[in-house]
Amino acid sequence: MKPQDFATKTGVSRETLEKLVVFQKLLEKWQAKINLVSATTLDDVWGRHFLDSWQVIGPLGDAKSVADLGAGAGFPGLVVALCAPDKTVHLVESDARKCAFQIEIVRETGAANVKIHNARAEKLAGTLTVDAITSRALAPLDTLLDLAVPLLAAGGLCTFLKGATYRDELTAARTRWQMRVDIAPSLTEPDAACLTLRDIARK
């Protein structure tokens with residue numbers, strides 16, 4: 001997928017696309033120094049990473065504050081921040097080198113709606129509360145909920161990008177959690193899904 005194909009599919013503005021291109025170029029530069037994404041995905045960054053991340057924006061709805069747990073290279077959090085500038089996006093990442101990369105993206109794109117937390121998610125309970133939480137490839141769903149729920153405001157939601165095991169992960173999570181689940185097929189992977197969870201409570 002090329003940048004213009006991404007813009008056509010998503011409807012992002014020319015200004016937003018230009019910022020995402022800056023993101024892409026910095027990703028390629030930094031990837032040579034630290035492992036930000038799987039090397040096998042670099043030939044289709046726009047499909048595998050940018051479009052994959054963009055698909056969480058719709059499910060986030062009118063949430064004004066979002067936390068991306070295990071934000072890594074900024075997928076999906078930085079894509080959300082650049083494409084939905086009305087949202088405040090908290091990037092939660094324990095690896096200082098990845099946080100340094102995030103800081104450069106924010107500086108080079110002027111994304112004033114991003115806050116970076118160089119910390120483990122469990123350390124932020126009691127200090128950070130958000131309307132919505134997202135994550136990609138961080139942990140199984142059951143573990144994600146342990147991390148996410150303490151940060152979630154009342155009535156908040158979680159939107160997670162999950163791979164082919166998402167059904168098994170849902171089954172396992174439901175042994176400890178009750179929740180309302182919306183499942184949207186992934187735009188980028190045939191067996192993957194975007195899971196949106198509401199009314200989450202421990203059993």
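Longer than 21 Å from Cα to Cα, which of 29/98; 9/98; 19/115; 25/87 are they? Say none if no pair is.
9/98; 25/87, as the Cα separations exceed 21 Å there.
Please report Rg (one decimal) and Dmax (integer) in Å for the Cα set of the chain.
When restricted to the Cα atoms of the chain, Rg and Dmax are 15.9, 47 Å.
Just order 89-97, 33-41, 194-202 by mean Cβ neighbour count inside 10 Å, highest at the front, would you?
Most protected by this proxy first, the peptides run 89-97, 194-202, 33-41.
Note down the magnitude of the dipole of the chain about its Cα centre, charges +1 on Lys and Arg C-beta and -1 on Asp and Glu C-beta and zero elsewhere, to the nearest 20 debye.
Values: 25 positive and 24 negative charges, 69 e Å.
Using only the charged Cβ atoms, the result is roughly 320 debye.
Dividing the Cα radius of gyration by the Kirkwood radius, what Rg/Rh value follows for the range 90-199?
On the way: Rg = 14.9 Å, Rh = 15.1 Å.
Taking Rg over the Kirkwood Rh, I get 0.99.
Can you work out the FRET efficiency for the pair residue 107 and residue 64, with r the C-beta to C-beta distance and R0 = 22 Å, to the nearest 0.05? Could the numbers behind the result be given before it?
Values: r = 23 Å, r/R0 = 1.06.
Here the calculated transfer efficiency is 0.40.
If each DSSP helix of 4+ residues adds -39,500 (n - 2.57) and the sum is divided by the residues in the chain, what number results at 222 nm, nearest 500 deg cm²/dmol?
It lands at -9500 deg cm²/dmol.
Could you give the distance between the Cα centres of the range 135-178 and the range 26-95, to the whole Å?
The two parts, judged by their Cα centres, are 18 Å apart.
Only bridges whose two residues both fall in the range 3-202 count here: according to DSSP, what percent of them are antiparallel, nearest 5?
Antiparallel: roughly 40 percent of the beta bridges in the range 3-202.
Laboratory data are not the source of any read-out in this text; all were calculated from the coordinates shown. All values reported here derive from a predicted model rather than from experimental measurement. As a convention, Cβ positions derive from the backbone with ideal geometry for all residues, glycine included, and neighbour counts pool all protein chains shown.
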